[in-house]
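Scroll down for the structure; my scribbles are underneath it.
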Amino acid sequence: MESSLFKDKAVLVVGGSAGLGAATARSFAARGARVTIASRSAAKLDACAQQIAADVSAKVATTVLDITDDTSVETYFADAPIYDHVVVTAGETPMGPARSLPLSDAYIAMNSKFWGAYRVARAVQIREGGSLTLVSGFLSVRPRKTSVLQGAINAALEALARGLALELSPVRVNTVSPGLIATSLWSNLDEDARTRMYADAEARLPVRRVGQAEDVTNAILYLASTGYATGSTVLLDGGAALA
């Protein structure tokens, strides 16, 4: 991908202080974009911005934004600039079977990952020909009995993106749907459990490896840079939906 393709483009990464969001911000910044990262934690934002500066010698702006809160979203975007590209990676989704997951946790998951993206989409201003990219997950096409709600939320996000591709045209709206990716999301597991999970995935997946953040950011940058892509979902799961 040409390094100058995103030069001086205004990019917002929601959920950009950690994991896939931080990797996405780093990739855009390395290509000359004017990147803003947003999340609820000022401390994490500052740490991420410092790390990106050290990694790729690029300065990124930060903004504290709670996408689960109507007022926070509306207040920020009322005065925010027009962006060329927006990526929403944020979303906390407590997991469990539908009959045992507390409804309060289910509401939190839906409010964060689905309604959070919805709030951003309805409030943000994106330049014509620019893009909005949402991050869903392969459970939308390969559900599991222990993560029913996650599959439903991911499928809803992908449907939302298709509808928004029509409503927001000529802004382009797409979704990236990752499988298992080795990020800080799994840092709550002890090292042995995490190693076993990755080893099991490597044995099961057709690609014989676990996904890396760069795999996902490559897809996000592809969608942002491809002017003929809208209403698309890029499934990036190492073949998990087939295995």
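The values are calculated or read from the model by the stated rules, or taken from the named source; none is laboratory data. Here the structure is a predicted model, which is why all the values come from computation and not from measurement. Ideal geometry is used to build each Cβ from the backbone, glycine not excepted, and the neighbour counts take in all protein chains shown.
Computed values, structure above
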read-out: Within the range 65-88, tally of residues that are surrounded by 13 or more Cβ atoms within 10 Å (Cβ to Cβ), free of Cβ contacts under 8 Å to residues at least 60 places away in the same chain and not in a loop (DSSP other than H, G, I, E, B); value: 5
read-out: Matching option when the condition is part of a loop (DSSP other than H, G, I, E, B), of a type in the set (G, A, S) and in contact with a Ser or Thr (Cβ under 6 Å, 6 or more places away or on another chain), among G91, G96; value: G91
read-out: Residue pairs meeting the criteria (Cβ under 6 Å; at least 6 apart or on separate chains; first over 30 Å from S187 (Cα atoms), in the range 1-30; second acidic (D, E) and at pLDDT 95 or above); value: K9/D84; A10/D84
read-out: First in the range 182-196 and more than 20 Å from L236 (Cα to Cα), second anywhere and charged (D, E, K, R), Cβ under 9 Å, 6 or more apart; value: S187/R194
read-out: Any chance R162 is part of a loop (DSSP other than H, G, I, E, B) and not aliphatic (A, V, I, L, M); value: no
read-out: Members of the range 198-229 that are within 18 Å of A241 (Cα to Cα), in contact with a Leu (Cβ under 7 Å, 6 or more places away or on another chain) and either in a helix (DSSP H, G or I) or among the charged types (D, E, K, R) (or both); value: A201, D215, V216, A219
read-out: Top-ranked residue in the range 197-226 [being hydroxyl-bearing (S, T, Y) and at pLDDT 95 or above; ranked as farthest from V87 (Cα to Cα)]; value: T226
